[in-house]
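Let me begin by presenting the structure, written as structure tokens, before commenting on it.
The values are calculated or read from the model by the stated rules, or taken from the named source; none is laboratory data. Source: prediction; values computed, not measured. Here the Cβ is made from the backbone with ideal geometry for all residues, glycine too, and neighbour counts use every protein chain on show. Note: accessible area is taken over every heavy atom of the protein model, side chains too, but ligands, DNA and RNA are not part of it. Shrake-Rupley method; radii C 1.70, N 1.55, O 1.52, S 1.80 Å.
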Amino acid sequence: MGFLDLICRNNVALYFFMSLLALLYNHYLLTVVVAAERTSVHIVYLGEKQHHDPKVIKDSHHGLLAQVLGSKEEAVNSMMYSYKHGFSGFAAKLTLAQAQQLSELPGVIHVVPNRLHRIQTTHSWDYLGLSPDSPNNLLNQSNMGDGAIIGVLDTGIWPESKVFDDKGLGPIPSRWKGICQPGQLFNSTNCNKKLIGARWFNKGLLAEYGKPINTSDNMEYLSPRDALGHGTHVSSIAGGSFVPNVTIKDINFGTVRGGAPKVRLAMYKVCWLVEGGGHCSSADILKAFDEAIHDGVDVLSLSIGFAFPLYSDVDERDGINIGSFHAVAKGISVVCAAGNDGPFAQTVANTAPWIVTVAASTIDRSFPTPITLGDNQTIVGQAMYTGEEIGFTNLVFPVPTTFDPSFLGTCEDLNLNNTPVAGNVVLCFARTTRLSALTHSVTAVKTAGGVGVIIANNPSNNLFPCYGSDFPCLEVDYELGTKILYYIRSNSAPKVKLGFSRILIGKPVPTKIAYFSSKGPNSIAPAILKPDIAAPGNNIIAATAPNDPLSFNGYTFYSGTSMATPHVAGIVALLKSVHPNWSPATLRSAITTTAWTTDPSGEPIFAEGGPRKLADPFDYGSGIVNPNKAVDPGLLYDMGQPDYVHYLCSMGYNNSVISQVLQQPTLCPNPAPSILDVNVPSITVPSLTDSVTLSRRVTNVGPVNSIYKVVIEAPLGIIVSVRPGDLVFSSAVKEISYSVTISTTHKVNTGYLFGSLTWSDGVHKVRSPISVRTEIIKSYFDDA
């Protein structure tokens, strides 16, 4: 090869290489430009509304957006929602550059991307003492909630369900301003004097999801109609009418009803069936809050939570914190689910101090089902099986016949290829307590010709009914499951007999905090106790949508803090009917300071987990809600705007953000106030180094001339003193402040220790839980 040929060929290679680089660079630039120009939904938060005319506010939003987009026409096309009733702001499709430019305009507090939330998924009312047959309880004192309005933010509602019948109800409250928004298979005739309003919001979710949500493969309704059943279920728990003789799997459960049977309901559909579950957009949630404030609800119930990590109290990406702040400022109580991420610590969601955060408990009902082994041992499982008794038959546990590292004998991945199943009962072990373990194992065993399945899982009262009443699927805990497995392995021909289920109510069924219920401490503000309260949320019977795969004649069992939340929302509505002038904070105080710390029969409350333990404030807040005591609490801890400002300042949020949220100049003191002095009805000290003094104030709503004495149960090794020790109320003295000094005798760091402070006049007991963690601060360099 000649020298010139080499140069020529090298030049060709160089030219090709440089051309390739240029092509790749141009592609990179194009990608960057496209990414920069791609629009997504952003929430623009402007704080309190500055005008009472919604049209003026909406026009101002268009004008503000037009400054960035160049014209009002572009602003109108880009805007998805104008928040103009409860607060001011809007949701719009923006590029990152436009969002940044908008955030720099005067009056704009925050511009944040839209985010998705998830939904948190009878006898319980009698268990709580609200039987309609007791003339003097809260249910009858409040005329069953007549006149109160509960708004529910969820997956929609199935209006034809009998629980939403309006028979016997009077006229719709005159203050109601809501509508019955039409849509797919839904119109104004679907509303009545029980379901007085229904709206739907999905623009934020559609913009994020980018695909249709009502397809042949995804049965959803572009209307307030419920495709999942979750919204129907929680609505009927809160305020469903009386429906007698409800039957599930051939078991008659009697009358199903809501906590406030005469309350009026309004559905705000913000959660949609997407990717097999219920998902909800922050932009849609904020718009629902905005409309609910305008419509005139008294209570808002949200069985919705955000995935971890949580956003701050003033971050619109959460949607619930900001929306609920403005609702509470308008006198609307907001009740939210604690979440279903238990039994782990610091998992509780919806932690703002203006929200009532609800944990889930079990009730005193179980479904014992006998499992008799071939050696005549009888083990009691849980099931809802009403078919014929399965006489002694073979009992098998799936095992591989050859080496198979991928084999799993778990219920979620049940492999029965090498196991004789036909005519036999199968034992499997579940990794989780979720429905998927049951559905997969039942399907696999039935397909292979099995006659029953025993599912061993984490200790839990979370019971899922099998599809159909003729197939037995029984649940036991790991301990009993292991006992059955040892019997199988020690016998050449193991046998089992499966009986049918019975219903057991009352003793000896204990009350527990559910395994799945999210726990404290509060990960955002550890000094604010969360959850606030617990309520029944395990195996709750209520209405559902007919296309719910677990529907039995329009009703089903569900478990979750989703089910606990409407229990408390219904109780708050009852209290609001009796005490219409009580603020959201005083309503929360009433239910927390009167809560049960033992179950209604006086037995201790345990928290499910590994291992089971006595429940503490991070499991159930102040305890299990006790509605008949809450109606007459004696003393109340109130909170208004100054208290919430105190909290926001103590959290370190800056003056400009707080001022714009409130739409009035606000200057936090320097040094910042102590979060320990926020007037919540509990005391939590997350880091006690030596001694600390905090304050609280209470308002007397009992007899005018009353004297309350303090009773202290100090945590182990903690010294608690209160001044004054007596609170003396009269016609001239209705509100009194007191101080609490807490010190430690511990010389090492401790975990949380628990106690209580109770004010008593001999009739009322006003209890606040105390949670204290000692942290001895010492530098390892001090001795150097």
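Some points to look at:
- DSSP-defined beta bridges in the chain - what % are antiparallel, rounded to 5: 65
- Taking every DSSP helix (H) stretch of at least 4 residues in the chain, weighting each as -39,500 (n - 2.57) and dividing the sum by the residue count yields a mean residue ellipticity at 222 nm of -7500 deg cm²/dmol.
- Rounded accessible area of residue 105 (nearest 10 Å², 1.4 Å probe): 30
- Percent of Cα-Cα distances greater than 16 Å, calculated over the stretch 624-673: 51
- Relative protection proxy for 580-587, 144-151, from highest mean packing down: 144-151, 580-587 (other beta-carbon atoms within 10 angstrom).
- Phi-derived couplings, Karplus 6.51 cos²θ - 1.76 cosθ + 1.60 at θ = phi - 60°, listed residue by residue for the stretch 375-384: 8, 6, 5, 10, 10, 9, x, 10, 6, 10 Hz, with x used for Gly and Pro.
- Accessible-area composition of the chain, carbon plus sulfur, in percent [1.4 Å probe]: 55
- All Cα-Cα distances of the stretch 238-281, cut into 10 Å bins from zero to the largest, leave 23, 27, 35, 15 percent in each bin in turn.
- The stretch 593-612 and the stretch 98-177 have their alpha-carbon centroids 27 Å apart.
- Packing-based ranking, highest mean first, of 640-648, 566-574 given that Cβ atoms within 10 Å are counted: 566-574, 640-648
- Check: the chain dipole with +1 on Lys, Arg Cβ and -1 on Asp, Glu Cβ, in debye: 740
- Values of log10 I(q)/I(0) for the chain across q = 0.06, 0.09 Å⁻¹ run -0.43, -0.90, by the Debye formula with one identical scatterer at each alpha carbon and no solvent.
- For the stretch 473-486, 3J(HN,Hα) per residue [Karplus equation, 6.51 cos²θ - 1.76 cosθ + 1.60, θ = phi - 60°, Hz, x = Gly/Pro]: 10, 10, 10, 9, 7, 4, 4, 6, x, 5, 4, 5, 5, 4
- Farthest positive-ward along the chain dipole, Cα basis, beta-carbon charges - from 164, 68, 54: 164
- Cα centroid separation, the stretch 690-755 to the stretch 308-356 (Å): 27
- Over 31 Å (Cα to Cα) - which of 194/519; 177/734; 211/287; 93/269; 269/765; 483/613 fall in this group: 194/519; 177/734; 269/765
- The average projected area of the stretch 196-331, computed from the convex hull of its Cα atoms over all directions, is 10.2 nm².
- Annotation: the antiparallel percentage among DSSP beta bridges lying fully within the stretch 530-667 is about 90.
- Cα gyration tensor, the stretch 620-705 - rounded (a/c under 1.5), prolate or oblate: prolate
- Part-to-part distance (alpha-carbon centres) for the stretch 364-399 and the stretch 240-293, which is given in Å: 34
- Solvent exposure of the chain amounts to 40 Å² per residue of accessible area, where only protein heavy atoms count and the probe is 1.4 Å.
- Cut-off under 5 Å, modelled amide H: who pairs with residue 248 long-range: 253
- The heavy atoms of residue 175 offer some 100 square angstrom of accessible surface to a 1.4 angstrom probe.
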